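A short write-up of the structure that comes next.
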Amino acid sequence: MRPHSMVSNPAAADVAPAVLAIGRPDFPNILIDTLRRQAGVGHCMVFALTRAGATQCLLDAGNIPTGADLGAAYAGQFHESDPNRDALFEAESSAPIMLPSFAPRMYGARYRKIFFNDSDIVDKCATAIWTGDTCFYVNFYRITSQGRFGDAERARLQTIAPAISASVARHFQQAATPDQNLAALFATRAPLSALSPREQEVCRHILLGLSSEAISQALGISLHSTLTYRKRAYDRLGISSQNELFAIVLRLLAGPNVLN
């Protein structure tokens, strides 16, 4: 019987483009495109908050024209009056945090005017993850023309938020290529680290979207050997598909010590 922890995550392949874009210049565009398709997100902003008090806007992508100005204003002073601040700083582990649903009454009048009314934002969801002394605070927005997030969209964000927040943290902490990030994950994190070096190479190329024929060419081995290494790796991992391989990677990214 396949171990329960290896059962495929239905969201795995859906957020894979963002995971594989880690370390690339087009990561912000890939991220917002993924969020738009999966949960109807209009805009995404990411802030880095430290326990020492520094705040920085790291990412601003989507359909809010004044996003850059909002990011600068938040980082400059308004982070201190964010009603989510206590929840962010009370977190003690590196597990992803899902913040409370948006409600206008949570925010002071000036904050509400600048960040919602004047910016045409009608709804917000947020998640966060700590890595060391830095909190990566990921905000998802919708504007008037989109309406508020529906129940299905909120549930979808709840499902993909751990992988999204972990991907954001890894992207901004490591200036590595996607293949280098995957290599580090395979080298250090079980169950992937239990695979043989050649099995790891084949699996990493599968995750990068290469066909078996292309993998054979890239590694300089026969197609038969590629298929044999894939089968052995899948058997060791207790899986049978690329989707399930993505699920393992996403679970490791979203789990404790995601950057270790």
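Rule-based calculations on the coordinates, nothing more; no lab input. This one's a predicted model, so the numbers in the text were calculated from it and none came from an experiment. Heads up, the Cβs are rebuilt from the backbone with ideal geometry, glycines too, and the neighbour counts pull from every protein chain shown.
Candidates 186, 241, 217 compared by Cα position along the dipole of the chain: farthest toward the positive end lies 241, with charges placed on Cβ. The magnitude of the dipole of the chain, with charges of +1 and -1 set on the Cβ of Lys/Arg and Asp/Glu and taken from the Cα centre, is near 420 debye.
Seen from all directions on average, segment 177-254 presents a Cα convex hull projection of 4.6 nm².
Relative to the Cα centre, the charge distribution of segment 177-254, modelled as +1 at Lys and Arg Cβ and -1 at Asp and Glu Cβ, gives a dipole magnitude of about 180 debye.
Charge tally around residue 66: other residues with Cβ under 11 Å, Lys/Arg +1 each, Asp/Glu -1 each, net -4. In order along segment 16-28, phi translates into HN-Hα couplings of 4, x, 5, 4, 6, 8, 3, x, 9, x, 8, 3, x Hz, rounded to whole numbers, per the Karplus curve 6.51 cos²θ - 1.76 cosθ + 1.60 with θ = phi - 60° and x for Gly and Pro. Shown in residue order for segment 132-143 are the 3J(HN,Hα) couplings computed by the Karplus curve 6.51 cos²θ - 1.76 cosθ + 1.60 at θ = phi - 60°: x, 9, 10, 9, 9, 9, 10, 10, 10, 10, 9, 9 Hz (x for Gly and Pro).
Taking other C-beta atoms within 10 angstrom as a stand-in for reagent exposure, 231, 124 fall in the order 231, 124, fewest first. Just to be sure I understand, if you calculate semi-axes √(5λ) of the Cα gyration tensor in Å for this structure, which of (i) 75, 19, 17; (ii) 29, 23, 17; (iii) 37, 18, 16 do you get? The calculated read-out lines up with (iii).
In terms of the mean number of neighbouring beta-carbon atoms within 10 Å, the peptides 29-38, 75-84 order highest first as 29-38, 75-84. Which angle between 0 and 90 degrees, to the nearest 10, do you get for helix 178-188 versus the longest principal axis of the chain when only C-alpha atoms count? Computed tilt is about 70 degrees. Computed from Cα atoms, the angle from the helix 223-237 axis to the main principal axis of the chain rounds to 60 degrees. With an a/c value under 1.5 for the gyration tensor axes a ≥ b ≥ c computed over the alpha-carbon atoms, segment 25-173 is described as rounded.
Backbone geometry of segment 50-66 corresponds, through the Karplus equation with coefficients 6.51, -1.76 and 1.60 at θ = phi - 60°, to 3J(HN,Hα) couplings of 10, 5, 7, x, 6, 9, 9, 8, 9, 8, 9, 9, x, 9, 9, x, 8 Hz, x marking Gly and Pro. With contacts taken as Cα pairs under 8 Å at a separation of at least 6 residues, segment 25-173 carries a relative contact order of 27 percent.
In degrees from 0 to 90, rounded to the nearest 10, what is the angle of the helix 242-254 Cα long axis to the longest principal axis of the chain? Orientation of helix 242-254: about 50 degrees from the principal axis.
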